[in-house]
Amino acid sequence: GNFDKPLRALIFDSKYDTYKGVVAYVRVVDGEVKRGDNITMMAVGAESDVVEVGFFKPDLQTTEKLVAGDIGYIATGFKSVEHCQVGDTITDSKMLATDRQVGRVSEVQALPGYKKVIPMVYASFYPIEGDDYNFMRDALDKLKLNDAAFAFEPESNLALGRGFRCGFLGMLHLEIIQSRLEREFEISPTITTPSVVYEVQMKGKSETDEKLHPVKSVEGGPAPQEFNRVKVYSATEMPDPSMIERIYEPFVKLDIISPSSYLGNIMEVMRNTRAEYLNTEYIDAERMVLSFNCPLTDVITNMHDDLKSASSGYASMNYEVIGYRPYDLVKLDIMVANEKVDAFSRIVPKENAFAEGKRTVEKLKDSIPKQNFQIAIQATIGAKVIARETIKAFRKDVTSGLYGGDITRKRKLLEKQKKGKKKMKNIGKVSIPSEAFLNVLKK
């Protein structure tokens, strides 16, 4: 680093302090920073006065200033975690302001490597109790502070109430956030089925529902006015089938690196997906790279675990999005006691819909406890039921208090019980435990 150059400090972690605001953990590359300095976050553009600077010993210990080469912390005073992102560069606001006033290109350049992370998987988190909404928002804010890849925004649902649409890098990332919510904040949210971002080509003119998210750009620039396509983040947002011309899903270029001896096992795993084989390259005599084009949905579900199992843990994979392709997809809904449960709705390939529906209702049958009335669990596509399971009711022996005697008395009691259960079935509400939502996510 250079002591004489303007301040440049790289944020590598952060935490929230009630009194000092967001505390950024930094490595000072150039210049110096001290209490009272006015600083700017170069990627975000937010400004603040430094509340405090210091070192880790290992607790936070204040000091007069941090200079080039130091690793320490800067208490920024920011009350919003959005302003302080991992990978951003902190610099001196005065230097940037001077450059702007004289109209020259600033000599202060952001440190290389910062790139805004784009979530690949979306799922909605809803608090079980409506009163916990603000508490959950604060908890998600704190998790986002030191997890640059995590994103969330408020949303509401008629069935589930107010919650948050959350973005993740993949299924493992989702499980980590869910686990941290339970462990650090004792929150067990209702989680909807994870989904990638689909694009739907609408029929007719672009007079779409205001709740939908229009696609505003395509490769090479902004989308033309007649380009009537919308983004769909979850199955509950899917427009009515009569309005849909075609559904597009994201595809990725997938590379799997593995010892050559596991070629057969890996190809067997990939045969169970919708991947399209491209080629095999040999790195050396013992290692190879298998390349595929594959729907992102297939990659984010259980592919990582399946590849590890097939290769005794040796295989690894990486992927990059290559664009959207049309595919024959349908919306699969799940009904529990004749009520649609939005959290279980998902978008699936038409050829897999029956198997996916059957798997889901079987899992739910094992996850939902018995009630005093019979519960029907159905998988549906539109009005058509494609799979069904039934959870039988608890049955009390109402004739146990009788000692022989007239058979009509027994029949009368059994008939009364039958009528009572029928009434309960019509008005009863089924309580679905949070574990059931997680069980359905796992194949």
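Computed from the C-beta positions of residue 201 and residue 49 and an R0 of 35 Å, the FRET efficiency is 0.10 to the nearest 0.05. Spacing of the modelled spin labels on residue 312 and residue 240, each 7 Å from Cα toward Cβ, amounts to 5.8 nm.
Averaged over residues, the count of other Cβ atoms within 10 Å places the peptides 315-323, 7-15 in the sequence 7-15, 315-323, highest first.
Simple spin-label estimate for residue 372 and residue 388 gives 2.5 nm between the two label positions (7 Å along the Cα-to-Cβ direction from each Cα).
When the listed pairs 231/350; 142/203; 142/340; 331/370; 308/363; 231/253 are checked against a 31 Å cut-off, the alpha-carbon distance exceeds it for 142/203; 142/340.
None of the figures in this text is laboratory data; all of them are computed from the coordinates on show. Model, not experiment: these values are computed from the prediction. Using ideal geometry, Cβ is built from the backbone for each residue, glycine included, and neighbour counts are taken over all protein chains shown.
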